[in-house]
């Protein structure tokens, strides 16, 4: 399951190991990514496995997976700290690390870290947002990516809206280097359950048989949400069926149309929320996989051309920043 | 599978058969209900089976199920017309009956009926709404219930908003006895797929283990949608998880809280749509199962106390009205 990705290889590993400042682990529900992180916050080597927290139970299982993923690095460089973020720190994870409270900066997150029982790794807390008469909101792992985005792009520190698209998209408001407030949107999971388990998916080709991205249908969904979203998402998504049944849209286009509708509704609500917070003139950054960020960028263009900065995986940079904030890696040593 | 319900029994059947004007069939995706309909549009006998259109394929299968459900009635009263509505008339049903176009009254629906190949039954078309720069919307079966509501309550004929809560809730605008416009909300199906297949269901007790209706949690969900629904449904539903994870709400309350949020969003959009159509001073009627209508009534009370008329199953009345409109049952014979 463990595979070397960019730019690791047998020859490069020795140099990367020598240059590394940190062993960083992004350990979510469905997978684990391990990084040798350099002084600039970039991954010198990256490895990925499917052994996410949802597949594991008990400290021994976690310790074994960590050893399998990064044990060779840990033995070669026992001086390097090992820092992990994500669902590994949940109540169902390796160590139950209490959430840090919003607003929070890197220092607050660093203060909340907990060490694993075997002492092998430090685990970063997730973030909890409460107040304003609203229900609480939660993240685990994305706080580290946000800190990484601020490390990588200093212009985001003063004020910014940082959007992390995904199964549970997160929208975060940043001011003065702190995450002030954030909101989850279940866009990716809604798409998956509607496609796999609802009447909407029945007319759609299987995902594996689906062709390439249907940009026209996707944008039609985005514009439908932008222009008529007040009619309600629960209403609008039914059109992914009615357009198919009436032959108004080819069935091969329905999945991307639905994706456009759901992402369009996320943007509709998220951009209003950003404007309410008076962040509509602050930078908007998208952090995530290039393909998904491209989809969001396209949708943002349809919303009055809102421009976005796009950052790929910022977890390594966040892990390094948090290791520095915790004092386990020195800031000025290079 | 066939069972007699209110008020049929062996003794009553002979009298009911003698008094019946029509054999009516409400034949949806997941079940079939057969009625002996009296001159007043009420069911004299009702039977139900789980042999919905989604479980059947081919004319012979439909003919056999109809015979099993109502063959004894058809043989005892070969003079009675047999009229069916619902997914039985879809392209995947017994006969593909083209949708009637909105606006439509009982006469337009009657004109669109098609006879089954064996001549046993007439099938009512569904309704298609198009125009206004919006995607099409569809119903099959609910048009008959709406016609039945107008038959049962004359005060709804001039103008009304008729809401049929369910897996795919329908909101219909009626003016001058015609269905002018309608909109589907996927509320019931969203609830089911989120509960069974998403992260939101994982903290909830199994449906079979769930206790009685938690009215407080339900109303909290409704009010959250009413007061903060602009933050987006895709955002708000995640609170059914965050409230549970943080212990702010007992896990036994989360399912009803989610139900309140989803129904609250349906009302938020539906009541705005009704006001846009200037029907906010016209009667609002709920048509459906008493338990589900009670849930909607409770939610409507939280939306500025909108009062609603509640009608139970109006399909028998609708089937009789449409049989009369088609001339297969005489209006003035009693």
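The values are calculated or read from the model by the stated rules, or taken from the named source; none is laboratory data. Not measured: the values here are computed from a predicted model. As a convention, Cβ positions derive from the backbone with ideal geometry for all residues, glycine included, and neighbour counts pool all protein chains shown.
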* To do: For residues that are in a loop (DSSP other than H, G, I, E, B), at pLDDT 95 or above and touching a helix residue (DSSP H, G or I) at 6+ places or on another chain (Cβ under 7 Å), tally how many sit in the stretch B:2-27.
  => 1
* Yes/no for residue A:246 being at the interface with another protein chain (Cβ under 8 Å from one of its Cβ atoms) and under 21 Å from residue B:198 (Cα atoms) -> no
* Asked: Under the condition of being assigned to a loop (DSSP other than H, G, I, E, B) and at pLDDT 95 or above, which residue from the stretch B:274-287 is nearest to residue B:165 (Cα to Cα)?
  -> B:283
* Filter the stretch B:164-193 for residues that are more than 22 Å from residue B:109 (Cβ to Cβ) and either at the interface with chain A (Cβ under 7 Å from one of its Cβ atoms) or assigned to a strand (DSSP E or B) (or both) and give the result. => B:185, B:186, B:187, B:189, B:190, B:193
* To do: State whether one or more residues within the stretch A:51-62 are assigned to a strand (DSSP E or B), surrounded by fewer than 14 Cβ atoms within 10 Å (Cβ to Cβ) and either over 18 Å from the mean Cα position of the chain (by Cα) or not assigned by TED's automatic domain parsing to the domain that holds residue A:23 (or both).
  => no
* Asked: Pick from A:65, A:95, A:45: which is assigned by TED's automatic domain parsing to the domain that holds residue A:130, modelled with pLDDT of 95 or more, in contact with a strand residue (DSSP E or B) (Cβ under 6 Å, 6 or more places away or on another chain) and under 15 Å from residue A:27 (Cα atoms)?
  -> A:95
* Asked: How many residues, within the stretch B:194-242, are more than 23 Å from residue B:291 (Cβ to Cβ), within 7 Å of chain A (Cβ to nearest Cβ) and either out of contact with any helix residue (DSSP H, G or I) (no Cβ under 8 Å at 6 or more places or on another chain) or in contact (Cβ under 8 Å) with a residue 40 or more places away in the chain (or both)?
  -> 2
* Asked: From the set of residues in the stretch A:135-163 that are within 14 Å of chain B (Cβ to nearest Cβ) and touching a helix residue (DSSP H, G or I) at 6+ places or on another chain (Cβ under 6 Å), which is farthest from residue A:315 (Cα to Cα)?
  -> A:135
* Within the bounds of the stretch B:91-98, is there any residue that is surrounded by 18 or more Cβ atoms within 10 Å (Cβ to Cβ) and under 20 Å from residue B:327 (Cα atoms)? -> yes
* Among the numbered criteria (1) part of a helix (DSSP H, G or I); (2) touching a helix residue (DSSP H, G or I) at 6+ places or on another chain (Cβ under 8 Å), which single criterion is violated by residue A:271? -> (2)
